Amino acid sequence: MLKVNHIAKSFKGKSVLNNVSFEVNEGQLVHISGANGSGKSTLFKIIAKVLLPDSGAITIIESAKIGALIENPGFLEFETGLANLRFLAKLNHNYDEKKVCDLMERFALDPNNRQPVSKYSVGMRQKLGIIQAVMEDQSIILLDEPTRGLDTDSIDQFIDLLKILQAKNKLVIVASHDYIEGIKYDTLFTLKNGTLSYG
């Protein structure tokens, strides 16, 4: 479903990714561990076609649709959480209000809250980021440090959501600098000094 072929990327002469290759398939839950600055976000941006690699290629099944939470998600700061999600989903003409509201309620976000996103905490913004990555039935989901700022209850809801996504045969790749207790991954990778290895 997703094949990463010998990806390399440098910034200002400094190598960030060095000959990174792996292949993963639908229904898998994958973890990429690595310290901050190890290249996890850069790899996700290349898979999501936000960045171009210096060399190598990404091969994705033609019917696949990517959802991604990468670094700090950007929002319309003076709109509500629901208005932001509505705006993002309607860009692809794929807005399901009931599904979006159900996801918000799962993460203890009130769809009727008139508070603008500019007033949201780090955790609340992170929840919106997770929701936008999955709300359009995306088949490949990239989650970069997804539990940043989340409380214990929200982490439990996130773990339950991963189980639901896997049961729906989604490919989910989680990148984080630490291991999230309670998640059973199918495949484990480590990214260190721009080099990816198993385990």
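The values are calculated or read from the model by the stated rules, or taken from the named source; none is laboratory data. These numbers were taken from a predicted model, which means no experiment stands behind them. So basically every Cβ, Gly included, is an ideal-geometry build from the backbone, and we count neighbours across all protein chains shown. Just the protein is used for accessible areas: all its heavy atoms, side chains included, with ligands, DNA and RNA removed. Shrake-Rupley method; radii C 1.70, N 1.55, O 1.52, S 1.80 Å.
Within the stretch 25-42, the set of residues being in contact with a Lys or Arg (Cβ under 8 Å, 6 or more places away or on another chain) and not acidic (Asp, Glu) comprises 27, 29, 32, 34, 35, 38, 39, 42. Scanning the stretch 152-199 for residues that are free of Cβ contacts under 8 Å to residues at least 60 places away in the same chain, over 18 Å from residue 126 (Cβ atoms) and small (Gly, Ala, Ser) turns up 167, 197, 199. Residues in the stretch 9-51 that are in contact (Cβ under 8 Å) with a residue 60 or more places away in the chain and of a type in the set (Gly, Ala, Ser): 15, 21, 27, 33, 34, 35, 38, 39, 41, 48. Residues in the stretch 166-188 that are over 19 Å from residue 152 (Cβ atoms) and crowded, with 20+ Cβ neighbours inside 10 Å: 170, 171, 172, 173, 175.
Looking at the stretch 91-199, what helices (runs of 4 or more DSSP H) fall wholly within it and have at least 1 residues that are under 30 Å from residue 22 (Cβ atoms) and touching a strand residue (DSSP E or B) at 6+ places or on another chain (Cβ under 8 Å)? Don't jump to the end; show me each part of the working.
Values: elements: 97-106, 122-134, 152-167.
So the answer is 122-134, 152-167.
Does the stretch 59-84 hold any residues that are open to solvent by less than 40 Å² (accessible area, probe 1.4 Å) and free of Cβ contacts under 8 Å to residues at least 60 places away in the same chain, and which are they?
Quick first cut of the stretch 59-84, residues open to solvent by less than 40 Å² (accessible area, probe 1.4 Å) only: 64, 67-70, 73, 75, 80-84.
Within the stretch 59-84, 73, 75, 80, 81, 82, 83, 84 qualify.
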